[in-house]
Structure formats: C-alpha cells, structure tokens
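Everything on this sheet refers to the single structure shown next.
The values are calculated or read from the model by the stated rules, or taken from the named source; none is laboratory data. In this text, all values refer to a predicted model and were calculated from it rather than measured experimentally. Heads up, the Cβs are rebuilt from the backbone with ideal geometry, glycines too, and the neighbour counts pull from every protein chain shown. Please note that ligands, DNA and RNA were not included when accessible areas were found on the heavy atoms of the full protein model with its side chains. Shrake-Rupley method; radii C 1.70, N 1.55, O 1.52, S 1.80 Å.
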Amino acid sequence: MKTEKIKMEITLPETPEKIYKAWLNSKSHSAFTGAKAKIQEKVNSNYSAWAGYITGKITALEENKKIVHAWRTSEFPADAKDSKLEISLKEVKGGTKLTLIQTDIPKGDKKKYTDGWHEFYFIPMKKYFTGNK
C-alpha cells in the first residue's frame, strides 16, 4: 500500500517541558483539543484522542524533546498499518518550535490529515498556550 508523509511546524509561546507534559496528560490534552483524550507518559501505553477517533501506542519518549506514537484514525483502511507520528520540541526565541512528522499515511489522505492537524491541534494549542483557554 502506498503511503504519504506530513511535516508541519508551529511555534508555541510556552516551554518544551510544559508542552511535553500537556501532550502526555489526559486532562490537558483534552483541554487543548476540546475533545476527550486518554494518554499517559509511558512507553508502550495505549492512548486515544478525539473521543476514540484517534488511537495508538506511545513507542518512544525523550523527556521534554520528543514523543513518538503509532497512530491511526477510525477512518484508516482495515489493512493499513499504523502511521508513525513524531512530535519534536525545541526551545526557540519566543517559546517552543513543535515539529510534527507523520509517515505511513494512507495514500490520498495527506491533505485531510494536514488540515486536521492544523484545525484540531495547532489552532487550539496556540489558543491554549497563549492563555486564551
């Protein structure tokens, strides 16, 4: 099965540590997306976001720097393998540069998931971390 890749970046006005902790905490992940999430800071733990639309497993963690997931949505074809989602955090002037790289996206779905990351994560995270909760 052919796949696609996404690479996106956003600078958030917060420290890498606070973004890392928020991403890996069910309560804050739910708060910054506006949808129910169940996640913990533990390698090999299962997680879900957007009330079960997104599911997967945490495959690697580098504290305050990197979060790696096996990731899929309920819309993935049954025979599609999980995509790999890598979130990297780097301190920059004015906050943290978050780089999102997602590979193994089912062919034809790149735009849908790029738009989804922007609308359902980047925009709400910017509001959440600027204090406009």
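For region 116-127, the condition holds for no residue, the condition being that it is outside any helix (DSSP H, G or I) and either touching a helix residue (DSSP H, G or I) at 6+ places or on another chain (Cβ under 7 Å) or open to solvent by 90 Å² or more (accessible area, probe 1.4 Å) (or both). Going by the structure shown, is E4 part of a strand (DSSP E or B) and touching a helix residue (DSSP H, G or I) at 6+ places or on another chain (Cβ under 9 Å)? Against the criterion (part of a strand (DSSP E or B) and touching a helix residue (DSSP H, G or I) at 6+ places or on another chain (Cβ under 9 Å)), E4 qualifies.
Annotation: Q102 fulfils all but one of (1) under 20 Å from F120 (Cβ atoms); (2) not in a strand (DSSP E or B); the unmet one is (2).
Screening the candidates E9, E4, E17, E63 for the property of being open to solvent by 60 Å² or more (accessible area, probe 1.4 Å), touching a Lys or Arg at 6+ places or on another chain (Cβ under 9 Å) and in contact (Cβ under 8 Å) with a residue 24 or more places away in the chain yields one hit, E9. Of the numbered criteria (1) under 12 Å from the mean Cα position of the chain (by Cα); (2) within 27 Å of E17 (Cβ to Cβ); (3) not polar (S, T, N, Q), the one G131 fails is (1).
Taken over region 85-99, the criterion of being in contact (Cβ under 8 Å) with a residue 24 or more places away in the chain and either outside any strand (DSSP E or B) or not hydroxyl-bearing (S, T, Y) (or both) is satisfied by L85, I87, L89, K90, E91, V92, G94, G95, K97, L98. The number of residues in region 40-54 that are open to solvent by 70 Å² or more (accessible area, probe 1.4 Å), polar (S, T, N, Q) and either part of a loop (DSSP other than H, G, I, E, B) or farther than 25 Å from E75 by Cβ (or both) comes to 2. The set of residues from region 23-38 being open to solvent by 40 Å² or more (accessible area, probe 1.4 Å), touching a residue at least 40 places away in the same chain (Cβ under 8 Å) and under 16 Å from Y53 (Cα atoms) comprises just one member, G34.
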